[in-house]
Amino acid sequence: MIRIDSVTKRYPDGTVAVDRLSLDIPDRAITVLVGPSGCGKTTTLRMINRMVEPSEGSILLDGRDIRQQPVNTLRRSMGYVIQNAGLFQHRTILDNIATVPRLLGWSKQKARDRAAELMARVGLDTSLAKRYPYQLSGGQQQRVGVARALAADPPVLLMDEPFSAVDPVVRKGLQDELLRIQDELGKTIVFVTHDIDEAVKLGTMVAVLRTGGRLAQFAPPAELLSAPADSFVEDFLGADRGIRRLSFFSAGSLELQTAPVVSVDADAATLAARAEAAPYLLVTDSDGRPLGWSEPDGLTAGAVDRDRLLDHGRPFAPATDSLRAALDGAVLSPTGWAVAVDGEGRVVGVVSQQVIGEAIRAAHTRVARDSAVKAAR
Amino acid sequence: MNVLHFAQAFFSDGSHWHGRDGIPTRLSEHVKYSLEALLFAAAVGLPVGLVTGHYGRGGNALALIATAGRALPSFGLLVLMFIWIGFGMVPVMIPLVVLAVPPILVTTYEAVRSVDPSPVDAARGMGMPESRVLLQVELPVALPLVLSGLRTAAIQIVSTATIAAYVSLGGLGRYIIDGLYQRDYEKVVGGAGLVAGLALATLVVFWAAARLAVSPGVRRSG
């Protein structure tokens, strides 16, 4: 565990970047430091590998003060990823990744074998091995940066706004990739970002820092969204924290209805029976994939006009998606009903905004009860 | 008779191709003076430029030295040194080195200082010692500029080394000075042509060195 023990960083001109900060960073989890610019999050990160020395307080790694070992030994035991990847433009991708193993005295061959292994691990095609950084896209460069940090298999990974310079689509890919790698490797990751969405998505624990380098709140993301410590944290989370909090509730418990779902080749009797069930019917193709909504009157057995169907919006998958996705599907749907599909995209049922609303209330009650039980203990 | 005829006459005269005053001897003397001066200048300018560039300090002091160095007239310095020290290689080397240090020093300093800071930060954060940060991260990226500083210095040395002949030493300056004294304009033009040719050859050598020494990753992204 990394323990930051009432650390202060004061610069010679009197600026206080970090003010008596204490944090216990859990092992094998992602801890995100988030806050507005000037909140000292990067300074805090850089104090962990001694790129910045604290003015007061100490940082302990597994109970030992980090100043007890030579600074370069400490740094080689911590992977370091920075904003623009910071690749060495004169070295090939493979040699960039092999940097720390080479510093640790591995043979060239062993270091390169390891580097090739890591390219695969971070989702880089090994055909890029002999390329130079300028030949790669921003997203690929950042993957190389992550691979380079992981090369010597350090237990700790320090990441300083690693994904903030790439476009949103690439960023989402990199975030998903990081979560996947973390599932496999279980590193102790300290991740700095100014993006609260990124913090909530990636963090096991999130530390919100305020300007002046003071800790505002240190909590798991769901708790952060449901119970912000003060108005600063609340403002920083943004206006839609209630909606975003729904990401932490599974859509699996929603009660789906199958009665309003009809196949495109249903006969007249089925259509007539289903018309009783709901004001709108969802028409699927013969494989069960959604085509669109229609009023029952507009459907003629055997002659469904696909062009006249209303758009069905974005379907959600109850098995993997959250209530947020379900609600989003219902809000976007012209009928106010969300479409639930299985892994293959086949309709498993539909659900109304009203039912989703009831599920949200139930989830909130459950959380409140759980935390009351926890508090009582 | 025009310049081309002078040159043709000079180079077609067989007696100019051997002996103590022959082209091969004078050319190799000239190359030797130039190389020695360049090595001395690089031995001073490169380390100082690399270290000051790495720490990003001392830029003002360097600019001052460079301006002073450039303001000193090579020929005046030569005569001064000759009177002071006497006959020999040293009075020739001093003005050449003084001429060559500023471009090497200033370009090396600027080259290292302007290296993108993020790879340097990454290198330090990965536990790379400072010496390796300088030699393995900053220098390879700064190399094209560093080489251009050396090239400028080398060309200035090659064209200025002709002054060695003023103090009775050899080199291609011999032809120019003797030719002027003897009113032998074939010799003057031939000597000047050889100096110009040597300067061009220096350019080619540096171009080839850059091709070999600069990583393709730097060459194409720079």
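Taking region A:69-126 as the range and being at positive phi and within 7 Å of chain B (Cβ to nearest Cβ) as the test, only A:G86 passes. Do you know which residues across region A:186-230 are surrounded by 18 or more Cβ atoms within 10 Å (Cβ to Cβ), of a type in the set (V, I, T) and either within 18 Å of A:P26 (Cβ to Cβ) or modelled with pLDDT of 95 or more (or both)? Selection gives A:T188, A:I189, A:V190, A:V192, A:T193, A:V200, A:V206, A:V208. Here B:G197, B:G171, B:G191 are screened, and the one residue that is buried (at least 22 other Cβ atoms within 10 Å of the Cβ) and in a helix (DSSP H, G or I) is B:G191. Would you confirm whether any residue within region A:16-28 is closer than 21 Å to B:Q136 by Cβ, of a type in the set (D, E) and at pLDDT 95 or above? No, region A:16-28 has no match at all. On the basis of being modelled with pLDDT of 90 or more and in contact with a Lys or Arg (Cβ under 7 Å, 6 or more places away or on another chain), does B:G49 make the cut? Spelling it out, it is not the case that B:G49 is modelled with pLDDT of 90 or more and in contact with a Lys or Arg (Cβ under 7 Å, 6 or more places away or on another chain).
Taken together, the criteria exclude A:A338 from residues that are assigned by TED's automatic domain parsing to the domain that holds A:V262 and closer than 30 Å to A:A219 by Cα. In the set (1) over 13 Å from B:H30 (Cβ atoms); (2) surrounded by fewer than 19 Cβ atoms within 10 Å (Cβ to Cβ); (3) without any contact (Cβ under 8 Å) to a residue 24 or more places away in the chain, B:Y185 fails one condition alone, (3). Condition first: surrounded by fewer than 16 Cβ atoms within 10 Å (Cβ to Cβ), at positive phi and under 28 Å from the mean Cα position of the chain (by Cα). Can you find one or more residues in region A:45-58 that meet it? No, there is no match, as no residue in region A:45-58 is surrounded by fewer than 16 Cβ atoms within 10 Å (Cβ to Cβ), at positive phi and under 28 Å from the mean Cα position of the chain (by Cα). Taken as a whole, region A:159-169 holds at least one residue that is within 11 Å of chain B (Cβ to nearest Cβ) and over 21 Å from A:S77 (Cβ atoms). Residues that are out of contact with any His (no Cβ under 7 Å at 6 or more places or on another chain) and in contact (Cβ under 8 Å) with a residue 60 or more places away in the chain were ranked within region B:138-148; the one that is surrounded by the fewest Cβ atoms within 10 Å (Cβ to Cβ) is B:P144.
Is it fair to say A:D125 is farther than 26 Å from B:A213 by Cα, touching a strand residue (DSSP E or B) at 6+ places or on another chain (Cβ under 7 Å) and among the acidic types (D, E)? Criteria not met by A:D125. Taken together, the residues in region B:41-78 that are hydrophobic (A, V, I, L, M, F, W, C) and without any contact (Cβ under 8 Å) to a residue 40 or more places away in the chain amount to 7. Can you name the residue in region B:81-107 that is more than 20 Å from B:E29 (Cα to Cα) and touching a residue at least 60 places away in the same chain (Cβ under 8 Å) and is also surrounded by the most Cβ atoms within 10 Å (Cβ to Cβ) among such residues? The qualifying residue surrounded by the most Cβ atoms within 10 Å (Cβ to Cβ) is B:L105.
Scanning region B:8-27 for residues that are surrounded by 12 or more Cβ atoms within 10 Å (Cβ to Cβ) and within 26 Å of the chain's Cα centre (by Cα) yields B:D21, B:G22, B:I23, B:T25, B:R26, B:L27.
Number of residues in region A:143-189 that are closer than 15 Å to A:G123 by Cβ and of a type in the set (S, T, N, Q) equals 2.
When region A:37-64 is filtered for residues that are within 14 Å of chain B (Cβ to nearest Cβ) and touching a Ser or Thr at 6+ places or on another chain (Cβ under 8 Å), only A:V52 remains.
Residue-by-condition table, conditions (1) out of contact with any Asp or Glu (no Cβ under 8 Å at 6 or more places or on another chain); (2) away from chain A (no Cβ under 14 Å); (3) under 30 Å from A:I48 (Cβ atoms); (4) of a type in the set (S, T, N, Q):
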| site | (1), (2), (3), (4) |
| --- | --- |
| B:G88 | yes, yes, no, no |
| B:L96 | yes, yes, no, no |
| B:T107 | yes, yes, no, yes |
| B:R113 | yes, yes, yes, no |
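Considering (1) at pLDDT below 95; (2) among the basic types (K, R); (3) within 17 Å of A:H90 (Cβ to Cβ), the lone condition that B:R183 does not fulfil carries the number (3).
Pairing each residue of region B:126-137 that is within 8 Å of chain A (Cβ to nearest Cβ) with any residue that is small (G, A, S), provided the two are 6+ apart or on different chains, yields C-beta distances under 7 Å for B:V137/B:A123.
The values are calculated or read from the model by the stated rules, or taken from the named source; none is laboratory data. Just so it is clear, the model here is predicted, and its values are computed rather than measured. Positions of Cβ are generated from backbone atoms using ideal geometry, with glycine treated the same way; all protein chains shown enter the neighbour counts.
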